[in-house]
Amino acid sequence: MSADSIAKQLHAAITAALPESEVEVTIGSPGHYSLSVTSPQFEGKGSVAKQRLVYAAITDLMAGDNAPVHAIDTLQTKLPS
């Protein structure tokens, strides 16, 4: 599976779980990605709670020994301006 294909899957999983979100996926070294997620659903939530929402959305892509995503190197969570 190509890095671009996995990036698209990450984007789709996050936008499905957090509708109305803007998601940017940056490809790093093999299996490593950086994410920037801007979502109105982050309103009133602390940093850890925001991160948990994103990780919950991509759990399937990170589960198991042969998971296509090995690590999220950087995760930015923001509210819309």
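The values are calculated or read from the model by the stated rules, or taken from the named source; none is laboratory data. All values derive from a computational prediction rather than experimental measurement. Because the Cβ atoms are built from the backbone with ideal geometry, glycine has one as well, and the counts that use them run over all protein chains shown.
Residues in the stretch 60-73: is at least one of a type in the set (S, T, N, Q) and without any contact (Cβ under 8 Å) to a residue 12 or more places away in the chain?
Step one: of the stretch 60-73, the residues of a type in the set (S, T, N, Q) are 66.
Filter once more, so that each one left must be without any contact (Cβ under 8 Å) to a residue 12 or more places away in the chain: 66.
For the stretch 60-73, residues of a type in the set (S, T, N, Q) and without any contact (Cβ under 8 Å) to a residue 12 or more places away in the chain: present.
When you check Ala56 against the structure, is it surrounded by 15 or more Cβ atoms within 10 Å (Cβ to Cβ), in a helix (DSSP H, G or I) and free of Cβ contacts under 8 Å to residues at least 60 places away in the same chain, yes or no?
Considered against the rule, which asks whether it is surrounded by 15 or more Cβ atoms within 10 Å (Cβ to Cβ), in a helix (DSSP H, G or I) and free of Cβ contacts under 8 Å to residues at least 60 places away in the same chain, Ala56 comes out as no.
I need every pair where a residue in the stretch 28-40 that is more than 15 Å from Ala13 (Cβ to Cβ) has its Cβ under 7 Å from the Cβ of a residue that is surrounded by fewer than 15 Cβ atoms within 10 Å (Cβ to Cβ) and among the hydroxyl-bearing types (Ser, Thr, Tyr), sequence separation at least 6 or different chains.
Taking only residues 6 or more apart or on different chains, the pairs are Ser34/Thr26; Ser34/Thr74.
Among the β-branched types (Val, Ile, Thr) and assigned to a helix (DSSP H, G or I) - does that describe any residue in the stretch 33-41? Let's see the steps before the verdict.
Restricting attention to the stretch 33-41, the residues satisfying the condition of being among the β-branched types (Val, Ile, Thr) are 37-38.
Filter again for assigned to a helix (DSSP H, G or I), leaving none.
Taking every residue of the stretch 33-41 in turn, none turns out to be among the β-branched types (Val, Ile, Thr) and assigned to a helix (DSSP H, G or I).
Exactly one of (1) surrounded by 14 or more Cβ atoms within 10 Å (Cβ to Cβ); (2) β-branched (Val, Ile, Thr); (3) touching a strand residue (DSSP E or B) at 6+ places or on another chain (Cβ under 7 Å) is unmet by Thr74. Its number?
Looking at each condition in turn, Thr74 falls short on (1).
Select from the stretch 9-48 the residues that are charged (D, E, K, R) and over 12 Å from Gln76 (Cα atoms) and write down the one among them that is surrounded by the most Cβ atoms within 10 Å (Cβ to Cβ). Please lay out each step first, then the result.
Keep residues of the stretch 9-48 that are charged (D, E, K, R), which gives 20, 22, 24, 43, 45.
Now drop any that are not over 12 Å from Gln76 (Cα atoms), which leaves 20, 43, 45.
Numbers: Glu20: 10, Glu43: 9, Lys45: 15.
Only one residue tops the list, namely Lys45.
Please specify each residue of the stretch 46-81 satisfying the condition of being at pLDDT below 95 and among the polar types (S, T, N, Q).
Of everything in the stretch 46-81, those that are at pLDDT below 95 and among the polar types (S, T, N, Q) turn out to be Asn66, Ser81.
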